[in-house]
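These notes are about the structure you will find just below.
Please treat every number below as a calculation from the coordinates, not as lab data. Since the structure is predicted, the reported quantities are computational estimates derived from the model, not experimental observations. Positions of Cβ are backbone-derived with ideal geometry, glycine not excepted, and every protein chain shown enters the neighbour counts.
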Amino acid sequence: MDHAQAKLILASFRPNGSDLNDPAFAEALALAGEDKALGLWLANERAKDLAFAESLSEFPIPENLREDLFEVLANAQDAPGYSEFDHEFAGALADIQPPNNLRNDILAAMEIEQKVTTLPTAQKSPKNKRNWFSMPAIGVAAAAGIVAAVLWTSFLQPSNPHRQVASLTPAAIQSEAVDFLSGNISLDRKNPKQEALYQFLASNELPSPHILPAGLQNAAGIGCKRLDFNDKPASLICYQSTPGDSVVHLIVFQRDAIEGDLPQLAKAKDNCTHCSRDGWSVASWRDEDKAFFMLGKMEPEQLAAIF
Amino acid sequence: MTEFEELVDTHYQALYRFGYSLAKTPERASDLVQQTFVKWAEKGHQLKDRSKAKTWLFTTLYREYLSHARRSTKFPERDLEEAEYQLPAKAADADRQLDAKRAVNLLAQLDETFRAPLTLFFLQEQSYKEIAETLDIPIGTVMSRISRGKKQLRELMETAVDPETENVVKFNQKG
């Protein structure tokens, strides 16, 4: 390193010494320590910079700026309709999907009710009193019970996070993942900040991504959950992807849990498949020690755009 | 104090000074700072790495300034000397405030390419790497602009006209 290079670097050395431990300046500082002329130049440069910086730091701030700032921000947050909690909750609710067969189950329950209510009418009772335990009433109650049971088992009960497949191949995982995400998901932790979700996963010794596709890097988090596939732990992380505000799910495994190979991230977008069931698209890739499955209820091109 | 209040208190003054060096009026500088923190209130929760909050704020303010500068061709730039900016009339602080105003005046006279990186350098809130990130320019370019900007600044200081006395004076160095 010559004098000219050292001076170019040291010109960016902050006069208050904040950059003392920055390795980028180490060689130039060492040279200044050995070379008297360069050392004198640096001392002079820092003195001039410090004087100017001190003058700048005394440039007055408008008296009411701080109060005005908080007033403007308070008004922004009090605006009708603004509620960070509501915003997050609505986003999380939007991700809940009704089960596939709910419509058919309801129709089937209605058919049972119809069969009951079209039974031949009972002979008139001598007392001619309304009997709530008559066949049609029982039928209605039974049908209601069936519907309630169907609703509970299909809709209100969360999807089972413990999945069993014949073997943990990428195709099997993709299919199980779509099944799981098509149900009602209860997240273990909800937070819009990705970092908070990764900390939760780390504290529970669950895998999380080191590098994300570009479209997810600044996405808001929704939440995360532990899954188990054949008793192998995996993480589900849900994101609110900015383009179109779609929800994107990322399932992360330890790589050695997966049978078969996956492409690297750079090639993953060329391998977005389209599950024929319910419009889900899937992309999968691996890095050194993790395997990733990214799913979204969207066209493959939309999922590919997240890369 | 909430995290948000702490963030405002920690950075609003340096942000104002940076905004002033760009926009040259206290009203516009205040607007830039307000817009920056409103954006933080709306979107700051998306920032994964909270240690990047400072860079995020300076970057946002700079982008707000550029966005407004592109849109607004109708409003001519006002010379700093003509600005109706009233300094508090405390005699004990008069010399320091004069130096402060002269410092900002000198920065305002720099080439546009030097003004932002040099102001950020002298505010001392950011390293040259953070300045590169804020201004979205390569690290080597930041170093070059700081070096060349200081050279131009020193030349201006040698021939600066004191707006108070109309005399050519050397910049009053302390220490």
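Structural remarks
- Ranked packing of A:21-30, B:122-131, most packed first, by mean Cβ within 10 Å: B:122-131, A:21-30
- Most positive-pole-ward Cα, B:Ser51, B:Tyr65, B:Val8, against dipole of the stretch B:1-76 from beta carbon charges: B:Tyr65
- Residues whose amide H comes within less than 5 Å of that of A:Ala220, counting only those at least five positions distant or on another chain, are A:Gln240 (H built at 1.01 Å from N in the peptide plane).
- Take the Cα radius of gyration of the stretch A:174-224 and divide it by 2.2 N^0.38 Å, N being the number of residues; the result is 1.23.
- Reducing the stretch A:2-31 and the stretch B:1-34 to their Cα centroids gives an inter-centroid distance of 29 Å.
- Cα-based shape type of the stretch A:162-305, given that a ≥ b ≥ c are square roots of the gyration tensor eigenvalues and the cut on a/c is 1.5: rounded
- Toward the positive end of the charge dipole of the stretch A:3-57, with +1 on the Cβ of Lys and Arg and -1 on the Cβ of Asp and Glu, the farthest Cα among A:Leu38, A:Ser18, A:Ala28 is that of A:Leu38.
- A Cα-only calculation for the stretch A:3-57 places Rg and Dmax at 11.0, 33 Å.
- Computed magnitude of the charge dipole of the stretch A:153-307 (debye, nearest 20; Cβ of K, R +1, Cβ of D, E -1): 300 debye
- Alpha-carbon centroid distance for the pair the stretch A:244-264 / the stretch A:176-213, whole angstrom: 12 Å
- Residue-averaged beta-carbon neighbours from other chains (10 angstrom radius) around A:217-229: 1
- Applying 1/(1 + (r/R0)^6) with R0 = 22 Å to the Cβ-Cβ distance of A:His162 and A:Asp256 gives a FRET efficiency near 0.65.
- Working ranking of peptides A:177-183, A:223-229 by packing, defined as the average number of other Cβ atoms within 10 Å per residue, highest first, is A:223-229, A:177-183.
- In nm, spacing of pseudo-spin labels at B:Thr159 and A:Ser203 (7 Å Cα→C-beta vector): 6.3 nm
- Loop-located trypsin sites (Lys or Arg not before Pro) in the stretch B:1-74 (DSSP state not H, G, I, E or B) with no more than 12 neighbouring Cβ atoms inside 10 Å: B:Lys74.
- The stretch B:1-76 shape via C-alpha gyration tensor axes, a/c threshold 1.5: prolate
- Positive end of the dipole of the stretch A:162-305 (Cβ unit charges, origin at the Cα centre): among A:Ser208, A:Cys272, A:Gln164, the Cα lying farthest that way belongs to A:Ser208.
- Net charge dipole size for the stretch A:3-57 [Lys, Arg +1 and Asp, Glu -1 on Cβ; Debye, nearest 20]: 140 debye
- Test item: A:60-71 mean partner chain Cβ contacts at 10 Å: 6
- Across the stretch A:49-54, computed HN-Hα scalar couplings (Karplus, 6.51 cos²θ - 1.76 cosθ + 1.60, θ = phi - 60°) run 5, 5, 4, 5, 4, 5 Hz from first to last residue, x flagging Gly and Pro.
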